[in-house]
1. Can you spot a residue in region 143-156 that is closer than 24 Å to VAL239 by Cβ and open to solvent by less than 50 Å² (accessible area, probe 1.4 Å)?
2. Any idea which residue in region 102-113 is farthest from ILE156 (Cα to Cα), counting only those that are open to solvent by less than 30 Å² (accessible area, probe 1.4 Å) and without any contact (Cβ under 8 Å) to a residue 60 or more places away in the chain?
3. Among the residues of region 107-141, which ones are hydrophobic (A, V, I, L, M, F, W, C) and under 21 Å from MET84 (Cβ atoms)?
4. From the list GLU93, GLU97, GLU123, GLU88, which residue is open to solvent by less than 60 Å² (accessible area, probe 1.4 Å) and out of contact with any Pro (no Cβ under 8 Å at 6 or more places or on another chain)?
5. Given (1) surrounded by 15 or more Cβ atoms within 10 Å (Cβ to Cβ); (2) in contact with a helix residue (DSSP H, G or I) (Cβ under 6 Å, 6 or more places away or on another chain), where does GLY131 come up short, assuming only one miss?
6. Working only within region 29-62, note down all residues that are without any contact (Cβ under 8 Å) to a residue 40 or more places away in the chain, charged (D, E, K, R) and in a helix (DSSP H, G or I).
7. Looking only at region 48-78, filter to residues that are over 17 Å from HIS115 (Cα atoms) and within 14 Å of the chain's Cα centre (by Cα); which one of those is most open to solvent (accessible area, probe 1.4 Å)?
Amino acid sequence: MTGCAMRRVFLAGDSSVTSRQRSFAPMAGWGQALPLFIHGADIINCARAGASSRSFVDRGRLAWILREARPGDLVLFSFGLIDMKPDEGRYTEPFKEYQGFLRSCVDGVRDRGAHPVLVTSHERRVFDAQGNLRRLLGVYPLAMKEIAAEKCVPLIDLNEWSVRWWRRAGPRGTREIFLHLDPGEHPNYPDGAADNTHLRAAGAIECARFVAAEMRERSMLEPGRFADLERARFPEDGVEWLDDRMFDELTRIRTLEVVE
C-alpha cells in the first residue's frame, strides 16, 4: 500500500482509542494521542467508549464512516476489549460474530475505495499473585490476525507490543501507564482511581507512537507526515482533551442511527 493520495485517517474502536473530554483527564485513548506523531493529515476519531465491534456496527457508527470515507482514506479498526463483555448488545464470539463484524468493516471500507487497517487491542493490566501478567483478551487478537491474513489487510499488533511493555514494567511500573491515582492526586478523581483497562496520557502516547511507527514502516502515509517518533518524552498535557461542549457535538453527529 502506498500513501501518496492519503490525507484522512478514520479511527474506529472502543475506549482504548477514543478521545476523552477534559473532565476525564489524565485518562486518554491512543487515538487521541496519534496527532502528536502524524501531521498534515486529518485524523477523525470515531471510536466510542463502550463500543464493541457489534455495537459499533449496530448503532450506525460504521455506516457514518462509510458515508464520509473517500477513496484513498485510511480506516483503522481496533476492537476486542468490549467484545468480551457478556451482555447481549455487545458480546461477540471471537471466531464467529467478532470475525464476521471485522469482515463487514473491511469489506465496507474497500467498497468505498478506502484502505482498512486492523489494530489489535492493548492488553489489560491484571497480574497474578506471583506478578505474572494475565492475558485477559484471550483469543480476540488471534481472531483479528486470522481476518487480517484472510483478507490481506495490514495488521498492527498493539496487543503483543503492549504485553511485552506491561511485563517489563511489572505490577508497580504499570501503575504509571494505567489510570491509577491516589486520593487527592488529581482534581478529576478526588477519591483516586484504580483502573486496569484505561490508560493515562503517558501510556496512550506510547501506544500511539507504536501505531504511528508501524504506519510509517508500511508506507501508509507519506514519510513527511510523520513527526517526533524519536522524541523521548511528551508532557502529559501534550494530549489535547475535548471540552464537554465539543464532545457532546461529536457524540450527536457520530452516533446518529443509519438514515435509510
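1. Residues of region 143-156 that are closer than 24 Å to VAL239 by Cβ, as a first pass: 156.
Okay, now just the ones that are also open to solvent by less than 50 Å² (accessible area, probe 1.4 Å), so 156.
Looking through region 143-156, at least one residue is closer than 24 Å to VAL239 by Cβ and open to solvent by less than 50 Å² (accessible area, probe 1.4 Å).
2. Initial filter on region 102-113 (open to solvent by less than 30 Å² (accessible area, probe 1.4 Å)): 102, 105-106, 108-109.
Remaining after also requiring without any contact (Cβ under 8 Å) to a residue 60 or more places away in the chain: 102, 106, 108-109.
Numbers: LEU102: 15, VAL106: 15, GLY108: 20, VAL109: 17 Å.
Across region 102-113, the extreme among qualifying residues is GLY108.
3. Just the residues of region 107-141 that are hydrophobic (A, V, I, L, M, F, W, C), to begin with: 109, 114, 117-119, 126-127, 129, 133, 136-137, 139.
Listed by number, the residues that qualify are LEU118, VAL119, VAL126, PHE127, LEU133, LEU136, LEU137, VAL139.
4. Working: GLU93 fails: open to solvent by less than 60 Å² (accessible area, probe 1.4 Å); GLU97 fails: open to solvent by less than 60 Å² (accessible area, probe 1.4 Å); GLU88 fails: open to solvent by less than 60 Å² (accessible area, probe 1.4 Å).
It is GLU123.
5. (1)
6. Taking region 29-62 first, the residues without any contact (Cβ under 8 Å) to a residue 40 or more places away in the chain are 42-45, 47, 49, 51, 55, 58.
So of that shortlist, the ones also charged (D, E, K, R) come out as 42, 58.
ASP58, the sole residue that qualifies.
7. This residue is ALA49.
The values are calculated or read from the model by the stated rules, or taken from the named source; none is laboratory data. Keep in mind that what you see is a predicted model, and the values were worked out from it rather than measured. Please note: Cβ atoms are built from the backbone with ideal geometry, for glycine as well, and neighbour counts cover all protein chains shown. Heads up: the accessible areas ignore ligands, DNA and RNA and are worked out on the full protein's heavy atoms, side chains in. Shrake-Rupley method; radii C 1.70, N 1.55, O 1.52, S 1.80 Å.
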